[in-house]
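One structure is given below, encoded as structure tokens.
The values are calculated or read from the model by the stated rules, or taken from the named source; none is laboratory data. If you're wondering where the values come from, they're calculated on a predicted model, not measured in any experiment. Cβ placement follows ideal geometry from the backbone for every residue including glycine, while neighbour counts extend to all protein chains displayed. SASA here: full protein model, heavy atoms, side chains in, ligands and nucleic acids out. Shrake-Rupley method; radii C 1.70, N 1.55, O 1.52, S 1.80 Å.
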Amino acid sequence: MNDWIITDWDRELFNRELNSFVPLRLFDAHAHWYRADHFPPDDVPGLVKSGPPIAGSAEFDRQMEPLIPNRTTEGLFFPFPHTTVDVNAENEFLFQELQKRPGSRGQMLVTPDQDPEFIRDTVRQCGFVGLKCYHVYSPRRPTFDSYIEEYLPEEQIRIAHEEGLSITLHMVRARALADVANQQTIRRYCEQYPNMRLILAHAARGFNAHHTILGIESLRGLQNVWFDTSAVTDSGAIEAIINVMGHKRVLYGSDFPVTHLRGRCVALGDTFLWISAGNTDLHVPYADLKLALVGHESLRTLKVAAMSTRMNDSQVEDIFYGNANELFGFT
Ligand SMILES: [Zn+2]
């Protein structure tokens, strides 16, 4: 089965397992809008190349409707970070698309070499509520080994503090939140810049849940850190966050367009693997093995985490909408 194409088999999975769990009103705290022509023709990411060429407000709704039917979704949107993408064009596109969607918010894509005052001016002019940083802009090679300071410099944190901005941080380094350098930087940034609101993407990059489980105590007591659930397909990291930080810090996120890939991330040893039809032999004797969409696998995971931490309906609604509503001050 193909990425981007939602089949009857997918619809049945949603109806069977998810329809009674997912509330009617959603705030998606992690979703990417982009245009394929903002990438150089020879370096368009595969997921972008195989999907719609323009993925803004209308296309987002068109793509999410079959995935999560009959819901109203607002969100926190940001560009698709990539080494060669035209960052300014992507931010401009985000700004234009947000004009059509007053109930949603946007985060500016930032690179570590940007002047802090340019960032301040841009967020003020465009009404962005936060920043989106990414390790691919770090000078270190491989960028997956980068320290947070290398792709989110302290001067940019200061601007976020002064302007009351959120920042979505997808941590790297092999062990993510179990890495002491990552722990120390997050604590220092959050304590010294209390008006900045840090959102740790992917359950503190808990793609191997054991890393978040090992590291979450290091964040206990911090008042300005949240976690999104985007593209997380094992429940242990979300459960650890709820147990240590409380459910009010958990924000539902889809990671659109990753939602429309088929596969699942599994913890293996001290790291993780994104299983796809391209890297795994799906021929097994006991079943007709089909890969589900990441968007559905991550909702299943959030459901398991909510059940095992005994969330009631109103707490589940907090995760899907209420917590983001408070964070971004809509009401
Ligand atoms: Zn993402």
Span from the the range 177-244 Cα centroid across to the the range 53-123 one, whole angstrom:
23
In nm, give the distance between the simple-model label positions of Phe144 and Asp270, each being 7 Å from the Cα along the Cα-to-Cβ direction.
1.4
For the chain, what does the helix formula give at 222 nm: sum of -39500 (n - 2.57) over DSSP H segments with n ≥ 4, over the residue count, nearest 500 deg cm²/dmol?
-10000 deg cm²/dmol
How charged is the neighbourhood of Tyr321? Take every other residue with its Cβ under 14 Å from the Cβ of Tyr321, and add Lys/Arg as +1 and Asp/Glu as -1.
-3
Whole-percent carbon and sulfur share, accessible surface of the range 8-327, 1.4 Å:
51
Roughly how many whole Å is it from the C-alpha centroid of the range 260-331 to that of the range 1-40?
11
Cα→Cβ-extended label distance, 7 Å offset, between Asp61 and Glu154, nm
4.5
Selected from Ala324, Ala58, Asn195, residue furthest toward positive end of dipole (the range 8-327; charges at beta carbon)
Ala324
Only bridges with both residues in the range 8-327 count here: give the DSSP antiparallel percent, nearest 5.
25
Given 0.36 nm per residue, what is the gain on full extension from Val304 to Arg220 after removing their alpha carbon distance, in nm?
27.9 nm
For the pairs Lys100/Lys290; Lys132/Lys248; Lys132/Lys303; Lys100/Lys303; Lys49/Lys290; Lys49/Lys248, note any where the Cα-Cα span goes beyond 29 Å.
Lys100/Lys290; Lys100/Lys303; Lys49/Lys248
In a Gaussian network model over the chain where Cα atoms closer than 10 Å are linked, find which of Leu26, Leu282, Leu131 has the largest mean-square fluctuation.
Leu282
